[in-house]
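For reference, the structure discussed in these notes is given below.
Each value in this text was obtained by applying a stated rule to the coordinates, not by laboratory testing. Note that this is a predicted model, so its numbers are computed, not measured. All Cβ positions, even for glycine, are placed from backbone atoms using ideal geometry, and neighbour counts span all protein chains on display.
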Amino acid sequence: MPTVLSPLRRAVRVAGSAEAVACGDVRLSYDETWERCRRLVGGLRALGLRPGDRVGIVGPNCHRYLEIYQAVPGAGFVLVPVNARHTAAELRYALTDAGVRLLFTSLPAADLGVESVVDLGDGYERLLAGAEPVEPPDDLDEDDLAGLFYTGGTTGAAKGVMLTHRNLVANAMHIQAFWPFRPATRWLAAAPMFHAAGSFAVLATVWHGGAHVVLPAFHPADVLDLVARERVTDTLVVPTMLAALADEQLARPRDVSTWTRIGHGGAPCATETARRAHAAFPQAELIHLYGATETAPIATALLHEEAYLDAPQAGSCGQAVVGVDVAVRAPTGAAAAEGEIGEVLVRGPNVMAGYWNKAAETAAALDGGWYRTGDLGYQDDGGFLYLVDRAKDMIVTGGENVYSTEVEEVLYRHPAVLEAAVFGVPDPVWGEAVHAVVVPRSAVTAEELLAHCRASLAGYKLPKAVDLRGQPLPKSGAGKLLKRELREPFWAGSADRADRVGGG
């Protein structure tokens, strides 16, 4: 089976002079990228790194990130991308846990516990300039470890997800079964590349000799200006980014007519967000994706989401992609019936090898070849998957289950709602009460929002309170909503605190 470097080897053969990357003022062909990757391999070996050694990277998206992403695992080392927005303590934990020997970073790297540190800018260029080009090995095994991708930011203590060459290459093949990559693809790398949404299409784009258009940091106006200037064709963002892009385009339209496919994933997305995105980008196919770092990452896809906005499937994240099995297991452990809510399981060659140095967590997550996602959902008779909540986010009030996403979906239908988060808070009578936090886009009262919800939700699902806030809701470096930060003040001192603040 091919390895992580196979796409680049092909691109050099069939499209060596074609543009591989546009990053600010830097433009590189595939021939130039290959030379730089070979020099990177030579530089790492000159520093004494051996096959299997872990190489970390902490920094913004850039052409150097793309080179490291491909050349490090391609040379037999193990890539460890870490969130640049983590605190020093969080960075130190991940880098120490992984046993990183060398770190590429754009941040001050004092006291991170790493043997060698190379600046991701000038230091990186000096490393390449002083290195002899070395041909990466072509005999790596598909089961060799390619990367440790640390989860965290939404689920408490970070875990190093072990993804092999087989996992990453299989995912790239699964993607190509539903997403039409081609030499003319100009892929916008807008989501941070330490996250699966940012590195989602690296291998598929390169395999076809397409180009990466790289954005170091996400700002909606900058993204749309870049799409117009670079004639971007495809991208993947998280829902908060999609909402911001739609708002910016609706307020100040650009010529983004080349943008033919916009994927979103990594977090639940309200139908109203997709509806606004379709209004802003009517020429683009919207693709709703679902998966996890542990599935490298794609499990399901809803193609042409814009065609389902007024259909029952609007609430779905699609069907299992070719090459992946998706199932729902009832609380009894048996397969769930159609429409029955249970835990979502995923099986395929894209499923991780396990968690680094965490045997118990690996055993809990991998069950007979299936990955237990911790997400609750159901499937219809067409195999469409509908997520209802994270298991830890489900609210139990007076013995009744309330799924936070259902309440959030209703809140987002109100035109004044920009952001919404729903979670459970302690209640002396009901055990938990439904609580909503809303960031409005225009003037609205809590009473108006409750009246709006009352028209669509049963009484026990109604928020007992709506907290209106003027600041954006807290998010991880990848743009995922951090519900635990919203929940924590309510559960401080509670005996159930650990369970209820640990979720996303």
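Some observations on this one:
- Point-charge dipole on Cβ atoms (K/R +1, D/E -1) for region 1-115, about Cα centre, debye to 20: 320 debye
- Entry for volume of the Cα convex hull per residue in Å³ (calculated from the structure that is shown) out of (1) 214; (2) 145; (3) 158: (2)
- Label-point separation, residue 309 to residue 416 (7 Å along Cα→Cβ), nm: 2.4 nm
- Estimated from the Cβ-Cβ distance and a Förster radius of 22 angstrom, the FRET efficiency linking residue 359 and residue 143 is about 0.75.
- Net charge of neighbours whose Cβ lies under 14 Å from the Cβ of residue 15, counting Lys and Arg as +1 and Asp and Glu as -1: +2
- Taking a ≥ b ≥ c as the square roots of the eigenvalues of the Cα gyration tensor, region 382-439 is oblate, since a/c reaches 1.5 or more and a/b is not larger than b/c.
- Order of 468, 102, 457 under a 10 Å beta carbon neighbour criterion, fewest first: 468, 457, 102
- The sum of -39500 (n - 2.57) across all DSSP H runs of n ≥ 4, divided by the residue count of the chain, sets its helix-only mean residue ellipticity at 222 nm to -9000 deg cm²/dmol.
- Close Lys-Lys pairs in the chain, where close means Cα under 28 Å and separation is 8 or more or interchain: 21
- Remark: region 394-492 carries a charge dipole of roughly 240 debye about the Cα centre, counting +1 on each Lys and Arg Cβ and -1 on each Asp and Glu Cβ.
- Shape of region 394-492, Cα gyration tensor, a/c cut at 1.5: oblate
- Cα gyration tensor, region 86-179 - rounded (a/c under 1.5), prolate or oblate: oblate
- The length gained by stretching the chain between residue 231 and residue 400 to full extension, at 0.36 nm per residue less their Cα-Cα distance, is 55.8 nm.
- In a simple Cβ point-charge model (Lys, Arg +1; Asp, Glu -1; nothing else charged), the chain has a dipole of about 640 debye relative to its Cα centre.
- Neighbour-count ranking [beta-carbon atoms within 10 angstrom, fewest first] of 1, 162: 1, 162
- Euclidean distance between Cα centres, region 199-258 to region 83-104, Å: 28 Å
- Mean Cα-pair separation over length for the chain, i.e. relative contact order, pairs under 8 Å, 6 or more apart, %: 12 percent
- Sorted by Cβ density within 10 Å, fewest first, the residues 179, 370: 370, 179
- Selection among 490, 443, 458 by position relative to the dipole of region 394-492 gives 443 as farthest towards the positive end (Cβ unit charges, Cα centre).
- Amide hydrogen proximity for residue 61: with H placed 1.01 Å from N in the peptide plane, the residues at 5 or more positions away or on another chain lying under 5 Å are 193.
- Each Lys or Arg adds one and each Asp or Glu takes one away; over the other residues whose Cβ falls under 14 Å from the Cβ of residue 38, this sums to -3.
- Among 127, 4, 40 - extreme Cα towards positive end, dipole of the chain, charges at beta-carbon: 127
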